[in-house]
Amino acid sequence: MTWIVIGCVWVLACTVIAMLPIRRQIVPGVMLMMVGPFLIWVLIDQPGWLVGGIALFAFLSMFRNHMIYMTQILMGQRPEISK
């Protein structure tokens, strides 16, 4: 049950960071993105696949723009950040 509460706090932190301007989202967004896979793994391991699947869907939904940006950087492109 504790991991579910931690996951809910993680989602709330992501929501608050999403309200920031894009330039201020990058550093905290990357930190939350690094914690996300570990949290999803624990949620799959402890409560089960249903809770972990919901967490994975939320992770992919919230970080789609960050993941697209990082993919473009890894492919050698120079993506623009809006102001």
Kindly point out which whole DSSP H helices in the chain project their C-alpha atoms 30 angstrom or further along the helix axis while averaging a Kyte-Doolittle hydropathy of 1.0 or above. 22-45
Return, ordered by residue number, the residues of the range 34-56 whose backbone nitrogen is under 19 Å from a label point located 7 Å along Cα→Cβ of residue 4. 39-56
Say a paramagnetic label sat at a point 7 Å from the Cα of residue 51, along Cα to Cβ; which residues of the range 1-18 have their backbone N under 15 Å from it? 1-11
Three principal axis extents, largest first, for the C-alpha atoms of the range 2-74, in Å? 35, 25, 15
Computed, not fitted: 222 nm per-residue ellipticity of the chain from DSSP H runs ≥ 4 (each -39500 (n - 2.57)), nearest 500, equal to -26500 deg cm²/dmol
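Every read-out reported here was derived from the displayed coordinates using simple, explicitly stated rules and does not represent laboratory data. Since this is a predicted model, take the numbers as computed values, not measurements. Don't worry about glycine lacking a Cβ; one is built from the backbone with ideal geometry, like all the others, and counts go over all protein chains shown.
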